[in-house]
1. Restricting the calculation to Cα positions, tell me the Rg (one decimal) and the Dmax (whole number) of the range 119-206 in Å.
2. Place a point 7 Å from the Cα of Thr221 along the Cα-to-Cβ direction; which residues of the range 83-98 have their backbone N under 20 Å from it?
3. For every other residue with a beta carbon closer than 13 angstrom to the beta carbon of Arg129, add +1 if it is Lys or Arg and -1 if Asp or Glu, then tell me the sum.
4. Report the Cα-based extents of the range 51-209 along its three principal axes, largest first, to the nearest Å.
5. Tell me, Leu39, Leu111 in order of fewest to most beta-carbon neighbours within 10 Å?
6. Taking neighbour counts of Cβ atoms within 10 Å as a proxy for exposure, in what order, fewest first, do Asp166, Asp105 appear?
7. Taking neighbour counts of Cβ atoms within 10 Å as a proxy for exposure, in what order, fewest first, do Thr78, Thr219, Thr154 appear?
8. Please give the length that would be gained between Glu156 and Glu77 if that part of the chain were fully extended, namely 0.36 nm times their separation in residues minus their C-alpha to C-alpha distance (nm, one decimal).
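Just so it is clear, none of the values below were taken in a lab; they were calculated from the coordinates. Values in this document were obtained by computation on a predicted structure and should not be read as measured data. Every residue, glycine as well, gets a Cβ built from its backbone with ideal geometry; the counts of neighbours run over all protein chains shown.
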Amino acid sequence: MKFNRRETLILAAGASALSLSGLSAAQAADGDIVDPAKLAAPAGDIADKVEGSPDAPVTVIEYASPTCPHCATFHNETYPPFKAAYIDTGKVKFIVRPFVRNVLDAAVFMLAEAAGETNYENVIATYFRTQAEWGTSQTPRDAIFGIATQLGFTKESFDAALTNQDLFTGMEAMREQALNEFGLQGTPTFYINGKSLSGAKTLEELAAEIDPLIPADFTPTSAAPAETPATTPAAPATDAMAPADTMAPADTMAPANTMAPAETMTPVTPAQ
């Protein structure tokens, strides 16, 4: 898809985000090991948003897509108790990275980046909670904008957030690295100290992988008190978007009246 320089047409056409997967029958290979040093150096020059102690013995990196129903299931249902048990106690350092499957994924992550590091997680969490609202809308731009205004965006800052050339290029590079170097085949995919684990895992399934990696003499820190996220976004970038031929054109997105199949992972097809 080609992005106009001064318009945010990526969301203009009627579409259902949940029908835009570009799905294949592929399944990620759980248990594959990726060099943690390579995982720690993501392509795209996009700084990781790290939650938890930098000294945590376990690093969990999730590649997620805002339009992925299975990612929403994880973030809406499993992430809150996972955060309380592992992130807030200093056991896990958790990182969410963009995996952009379509233009709406790009829009949500661009808004999160524009909101600033302290608001990043709140923006992502809000769009996962409201996925059924904007993800099935016939006018997704309006639906996403409506939610953005509740997060503190104005029309000007919303439009500016979606014209950040460097960020969009970086997200494409991050996606290609995940596909070609890390073997990612579906979302969500987690890398737990380098070990691949795919699908919307339960807390028990994550615990089975994480607990053996925590030293026996590890002393958990006290759970951090709940924070009230700020809603005023940082000043967004104003660079124009460049053509993105690997993304699905907005005017080809077909409406869907049902959610994705009840699987645990949304497969992806590598860009041609």
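1. When restricted to Cα atoms, the range 119-206 yields Rg and Dmax of 16.0, 44 Å.
2. From the range 83-98, the list is 83-96.
3. -3
4. 44, 32, 29
5. By the 10 Å Cβ count, ascending, the order reads Leu39, Leu111.
6. Asp166, Asp105
7. Exposure proxy ranking, most exposed first: Thr219, Thr154, Thr78.
8. 25.1 nm
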